[in-house]
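Take a look at the structure below.
The values are calculated or read from the model by the stated rules, or taken from the named source; none is laboratory data. Since the structure is predicted, the reported quantities are computational estimates derived from the model, not experimental observations. Neighbour counts are summed over all protein chains in view; Cβ atoms, including those assigned to glycine, are modelled from backbone coordinates with ideal geometry.
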């Protein structure tokens, strides 16, 4: 695989989904449109990763104060839930251990807030040599300007900016497989 494809093409043997801090007490502060999009698309990604038997890690920032992962996405934490205090997931040793245990070299990032925990995690993962795919339609912030700036700056730092459907169809590679059938069914339900 060439360098371009290695970076821009998700590989089902190298990918992990990381769902960052989509927590109960943070939701009311989020931009409503960005959050609605995050909720729908993160659900699609979780279901797609589960259908393809790919690893998922969920994080929660100071859950004692901010609550747990929202009920609609809590199944993201079934495999692995990491409690953290640092904004960047990489500031938590148990996250790094869980990530290494997956064997993944490509990290698909969703969650909130785009310009804080998501952005700082993206930078730290890039600095550690991971290929990062930031799913622009599955991240949220309180303000659109912060969201836009974080996505733009993450791209300049080296993250691949992608969308939910692009990521899922890259992982299945082609039609005719059970994975394709499962993902195809999921995306047909998409409304946003």
Residues being assigned to a loop (DSSP other than H, G, I, E, B) and touching a helix residue (DSSP H, G or I) at 6+ places or on another chain (Cβ under 8 Å) - total across the stretch 112-129: 2
Among (1) touching a helix residue (DSSP H, G or I) at 6+ places or on another chain (Cβ under 6 Å); (2) in contact (Cβ under 8 Å) with a residue 40 or more places away in the chain; (3) farther than 21 Å from residue 39 by Cα - the single one residue 168 does not satisfy: (3)
Checking residue 164 against (1) farther than 24 Å from residue 26 by Cα; (2) surrounded by 14 or more Cβ atoms within 10 Å (Cβ to Cβ), the condition it does not meet: (1)
Residue within the stretch 71-78 that is at pLDDT 95 or above, crowded, with 17+ Cβ neighbours inside 10 Å and within 23 Å of residue 171 (Cα to Cα) present: no
All positions within the stretch 147-161 that are surrounded by fewer than 18 Cβ atoms within 10 Å (Cβ to Cβ) and at negative phi: 148, 149, 152, 153, 155, 156, 157, 161
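Being free of Cβ contacts under 8 Å to residues at least 60 places away in the same chain and out of contact with any strand residue (DSSP E or B) (no Cβ under 8 Å at 6 or more places or on another chain) is true for just one of 127, 137. Which residue is that?
After ruling out the rest, the residue left standing is 127.
Per-residue answers, yes or no, for (1) surrounded by fewer than 17 Cβ atoms within 10 Å (Cβ to Cβ); (2) closer than 19 Å to residue 163 by Cα; (3) at pLDDT 95 or above; (4) in contact with a helix residue (DSSP H, G or I) (Cβ under 9 Å, 6 or more places away or on another chain):
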{"residue": "16", "(1), (2), (3), (4)": "no, yes, yes, yes"}
{"residue": "60", "(1), (2), (3), (4)": "no, no, yes, yes"}
{"residue": "87", "(1), (2), (3), (4)": "no, no, yes, yes"}
{"residue": "93", "(1), (2), (3), (4)": "yes, no, yes, no"}
{"residue": "99", "(1), (2), (3), (4)": "no, no, yes, yes"}
Single unsatisfied condition, residue 104 versus (1) within 29 Å of residue 28 (Cα to Cα); (2) crowded, with 18+ Cβ neighbours inside 10 Å: (1)
Candidates 39, 52, 45, filtered to the one that is under 27 Å from residue 184 (Cα atoms), touching a residue at least 12 places away in the same chain (Cβ under 8 Å) and in contact with a strand residue (DSSP E or B) (Cβ under 8 Å, 6 or more places away or on another chain): 45
